[in-house]
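Okay, structure first, notes after.
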Amino acid sequence: MPETSIDTASEGALDPSARHPWGEPFHKFAAWMKEAEQSEPNDPNGMALATVGEDGMPSVRMVLLKDFDERGFVFYTNFESKKGRQILATRKAAIVLHWKSLRRQIRVEGEVEVVSDVEADTYYHSRPRSSQLGAWASIQSRPMRNRFDLEKRVALFTAKHPIGTIPRPPHWSGLRIKPVYIEFWEDRPFRLHDRLIYRPAPGTAWGAAWVTEKLFP
């Protein structure tokens, strides 16, 4: 399915030969993702996204990672959805990617920023036309009486945009998680798992330097 693949346009900057691959977390992430793309049967870029509401209640759901580079990890959503509203209110989120075939997982916690209009437009128009229409038709996270309500809205926007370019909805864009914590977890015998964490180095600009630490399993 075209929409499940990660945009690799910015991954060229993550060539492990460019510098020591494990001095910062993104080269290691790229290496693990490449292996997952070869071993996972479905959606290796699927990730659990955790947010929190005004009442402190956490909420989690599966989304797709669509891009990553030294700036962070990007996914796209309707800003009027539950996750969109919660993230825009707190500007914080956490994700987990778990690859059962590799017995690995990566946890990320971080601050969130909205991607540029250029990035959002480029990705939006790379999607199938039906998915572009769906971004307009779905009033995401709102109550729906029955499936016909959604189908009527799809028909409405299909008639509104029968040909030509479909503009990106103003409430639909991308969010980038800039990590303040990344953990690489790898299965080991007898549950003596390997846990390696990265944090931005104190006193430096974000992403300029990273400190690593091993954790007990």
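Odds and ends about this structure:
- Of note, ALA159 satisfies the criterion of being surrounded by fewer than 11 Cβ atoms within 10 Å (Cβ to Cβ) and more than 26 Å from GLU111 (Cα to Cα).
- Exclusive hit being small (Gly, Ala, Ser), under 24 Å from ARG199 (Cα atoms) and at pLDDT 95 or above, set GLY72, GLY84, GLY56: GLY72
- Scanning region 76-113 for residues that are in contact with a helix residue (DSSP H, G or I) (Cβ under 6 Å, 6 or more places away or on another chain) and polar (S, T, N, Q) yields THR77, ASN78, SER101.
- Scanning region 138-151 turns up no residue that is of a type in the set (D, E, K, R) and buried (at least 16 other Cβ atoms within 10 Å of the Cβ).
Conditions (1) of a type in the set (Asp, Glu); (2) at pLDDT below 95; (3) closer than 20 Å to VAL96 by Cα, marked per residue:
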position: ALA120; (1), (2), (3): no, no, no
position: ARG142; (1), (2), (3): no, yes, no
position: ALA155; (1), (2), (3): no, yes, no
position: LYS160; (1), (2), (3): no, yes, no
position: LEU196; (1), (2), (3): no, no, yes
position: ALA208; (1), (2), (3): no, yes, no
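Yes or no, residue by residue, for (1) farther than 26 Å from LYS83 by Cα; (2) within 24 Å of the chain's Cα centre (by Cα); (3) β-branched (Val, Ile, Thr); (4) in the same structural domain as LYS83 (by TED's automatic domain parsing):
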| position | (1), (2), (3), (4) |
| --- | --- |
| PHE157 | no, no, no, no |
| PRO162 | yes, no, no, no |
| ASP187 | yes, yes, no, yes |
| THR204 | yes, no, yes, yes |
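- Residues in region 113-165 that are touching a residue at least 40 places away in the same chain (Cβ under 8 Å) and of a type in the set (A, V, I, L, M): VAL114, VAL115, ALA120, ALA135, ILE139.
- Identity of the residue in region 115-155, of a type in the set (Phe, Trp, Tyr) and closer than 17 Å to LEU64 by Cα, that ends up farthest from the chain's Cα centre (by Cα): TYR124
- Test: residue in region 40-55 that is hydroxyl-bearing (Ser, Thr, Tyr), over 13 Å from the mean Cα position of the chain (by Cα) and not in a helix (DSSP H, G or I): no
- For region 165-185, the candidate set comprises residues that are aromatic (Phe, Trp, Tyr) and more than 23 Å from GLU113 (Cβ to Cβ); within that set, the residue that is farthest from the chain's Cα centre (by Cα) is TRP185.
- Identity of the residue in region 41-80, out of contact with any Asp or Glu (no Cβ under 7 Å at 6 or more places or on another chain) and of a type in the set (Val, Ile, Thr), that ends up surrounded by the fewest Cβ atoms within 10 Å (Cβ to Cβ): VAL60
- Set side by side, the residues TRP32, TRP22 differ, and just one is modelled with pLDDT of 95 or more and surrounded by 13 or more Cβ atoms within 10 Å (Cβ to Cβ), which is TRP32.
- Among the helices (runs of 4 or more DSSP H) confined to region 66-148, the ones with at least 3 residues that are of a type in the set (S, T, N, Q) are located at 129-137.
- Selection from region 149-183 of residues that are in a helix (DSSP H, G or I) and charged (D, E, K, R): ASP149, GLU151, LYS152, ARG153, LYS160
The values are calculated or read from the model by the stated rules, or taken from the named source; none is laboratory data. From a predicted model like this one, the values you see are computed outputs, not experimental measurements. Glycine gets a Cβ as well: all are built from the backbone with ideal geometry, and neighbour counts include every protein chain shown.
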